[in-house]
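Here the structure is laid out as structure tokens; the discussion comes afterwards.
The values are calculated or read from the model by the stated rules, or taken from the named source; none is laboratory data. Given the structure is predicted, the values throughout are model-derived calculations rather than measurements. Cβ: placed from backbone, ideal geometry, glycine included. Neighbour counts: every protein chain shown. Heads up: the accessible areas ignore ligands, DNA and RNA and are worked out on the full protein's heavy atoms, side chains in. Shrake-Rupley method; radii C 1.70, N 1.55, O 1.52, S 1.80 Å.
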Amino acid sequence: MGIFSQSHERCQQATSWINKTLRWLISSAYVVPILWVAIGIFPPYLKFPDQSNNFFIFYHSFHHLLHQSNLHAAHPELHNDHFLYGPLFAVLMAPISLLPPAVGALLFLAASTLFFLLAVHLLPIPVPAKNLILVICMNAFLGNQQNFQTNAFTAALILITFGSLLSGRYFVASICLSVGVLTKLYAGIGVFFFAFAAKRPRAGLMFFLVLFLLFLLPVVFSSFDFLLNSYLSWFDVLQMKSASVLQAGKGTFQGQSLPGFLQRAVKIPEEILRILSGVGLVLFFLPWLNILAWNIRQFQFLGLASAMMFVVLFSPGSENPTYIILQTGVAVWFVVGSRLSLRWRLPLLLVFFFFSSLVFSDLYPEVVKSFFRDYSLRAVPGTILWFVVLWEMASCGWGNRVPDNTSNEKGILTCNNPPRPR
């Protein structure tokens, strides 16, 4: 018995030490961010220039803008694939385009890493919650960085738009939302967050003013006619890309979305898919009719999570690096949004991790990866979580009100503790 007692005591001591260490790591304001910066810059940079085709698409865009060469035409002598962003993105690439490619690539990775870190830092939540969001997003973020993609940049724009509207920084929110709309469209989902602004008319007016100014900014480096033609060609190339994904079917990593799953696994025709995408938009919008919950902090974070999931789940061009946006939404739901107890949230998060987030990692054999890719199964766990978020948003504020002195230690309104009607 003495041997077993000693072994049990040692196990308890080891478990206690591990718990204390994990709590210290999550509570530290420096450890997780430093790890985030190291992972986001150095491993991806080791792959330069072998996996940097996307980077060269961005790198040459500003030169095309200066010479008024079609931004969205094919340039096989420089890179593969098309430039799929608005003219404003070419302006944003100017500091990188003026540097040698090797230095520009390092700056690109550093900017993406630090911008996402800043976006999470600006969220009105405690440090441990911020660190936990970073930990949950880390593997998806690494995938984005290794492919020199801009999805982490898009996710950061959405987060900063949300946080800035909550805190009354309407000019910052307007810049981030306008940049998102005029570069990749995804971040345009942030218009829904104006529902959370204390001064909505002022915030809306500022947004349209900033949007107009940034719309015209590329004229400084080109001409007005070239700018208009560039926006037209941008929409043309996006339509072409969407059609090519649908035609490619199972043979591509793109289309890892709910419409892709319905097309490849359920064999639903393209015409019906358009109708179902419209149904998805309606389902996304319906919980926002819960107007009485707009001032509830928990509802606001659920709205953020739903928006970040929706833009990936219903985009025909969703691919592996795009999932940093969706996974950020999942992290926000798990850490600060959900009302579900941990015994429900944790299994849902683990299912998402093993059957969506990690499914294309080295943990799985190639036959499993091919199966998930060919049928877009990666979108299924995220869709399940999205429906959970919709349900939580719709039911937010309808629970019994608890006494004011038991709301929580920081006085933050929750779905079970809504504001009193005026």
Heavy atoms only, 1.4 Å probe, whole protein assembly: order Arg23, Arg200, Arg264 by accessible area, highest first. Arg23, Arg200, Arg264
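Order Asp374, Asp81 by their accessible area, 1.4 angstrom probe, all chains in place, largest first. Don't skip to the answer; put the middle values down first.
Values: Asp374 35, Asp81 70 Å².
In descending accessible area the options line up as Asp81, Asp374.
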For the chain, with all protein chains present and a 1.4 Å probe, just round the carbon and sulfur fraction of the accessible area to a whole percent. 69
Any idea which of Cys137, Pro76, Pro49 is furthest toward the positive side of the dipole for the chain, if Lys and Arg beta-carbons carry +1 and Asp and Glu beta-carbons -1? Cys137
Only one of the values (1) 23.8; (2) 22.9; (3) 21.4 was calculated from this structure for Kirkwood radius over Cα pairs in Å; name its label. (2)
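Please state the charge dipole magnitude for the chain, taken about the Cα centre, from unit charges on C-beta atoms (+1 on K and R, -1 on D and E), reported in debye and rounded to the nearest 20.
Computed about the Cα centre, the dipole is about 1340 debye.
Compute, for the stretch 229-297, the length of the dipole vector about the Cα centre, with Cβ point charges of +1 (Lys, Arg) and -1 (Asp, Glu) only. Units Debye, rounded to 20.
Values: 6 positive and 3 negative charges, 48 e Å.
Dipole of the stretch 229-297, to the nearest 20 debye: 220 debye.
Residues of the chain: accessible area per residue at 1.4 Å, in Å²? Write down the numbers at each step before the final one.
On the way: 20070 Å² over 422 residues.
Per-residue accessible area for the chain comes out at 48 Å².
Based on alpha-carbon atoms only, what is the radius of gyration of the stretch 107-183 relative to the globular estimate 2.2 N^0.38 Å?
Numbers: Rg = 12.4 Å, N = 77, 2.2 N^0.38 = 11.5 Å.
Compactness ratio reported: 1.08.
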Given charges at Cβ of Lys, Arg, Asp, Glu: the chain dipole, positive-most of Trp344, Pro321, Phe58: Trp344
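What is the dipole size for the stretch 136-243, taken about its Cα centre, with +1 at each Lys and Arg Cβ and -1 at each Asp and Glu Cβ, in debye to the nearest 20? Mind showing how you got there, number by number?
Numbers: 6 positive and 2 negative charges, 81 e Å.
So the dipole magnitude of the stretch 136-243 works out to roughly 380 debye.
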Could you give the DSSP H helices of the chain that reach 20 angstrom or more along their long axis (alpha carbon positions) and whose average Kyte-Doolittle hydropathy is no lower than 0.5? 31-45, 101-121, 127-146, 151-167, 200-216, 224-248, 270-285, 297-313, 379-395
Report the one residue of Tyr186, Leu25, Gln254 whose Cα lies farthest in the direction of the positive end of the charge dipole of the chain (charges on C-beta: Lys and Arg +1, Asp and Glu -1; origin at the Cα centre). Leu25
Scan of the chain for GluC sites (Glu not before Pro) in DSSP loops with at most 11 other beta-carbon atoms within 10 Å gives a longest site-free stretch of 78-408
Using only protein heavy atoms and a 1.4 Å probe, report how much of Val103 is accessible, in Å² to the nearest 10. 80
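Past the 30 Å Cα-Cα mark, which pairs from Lys47/Lys267; Lys267/Lys369; Lys130/Lys184; Lys184/Lys369; Lys20/Lys369; Lys241/Lys267?
Numbers: Lys47/Lys267 38 Å; Lys267/Lys369 20 Å; Lys130/Lys184 26 Å; Lys184/Lys369 28 Å; Lys20/Lys369 37 Å; Lys241/Lys267 21 Å.
From Lys47/Lys267; Lys267/Lys369; Lys130/Lys184; Lys184/Lys369; Lys20/Lys369; Lys241/Lys267, over 30 Å: Lys47/Lys267; Lys20/Lys369.
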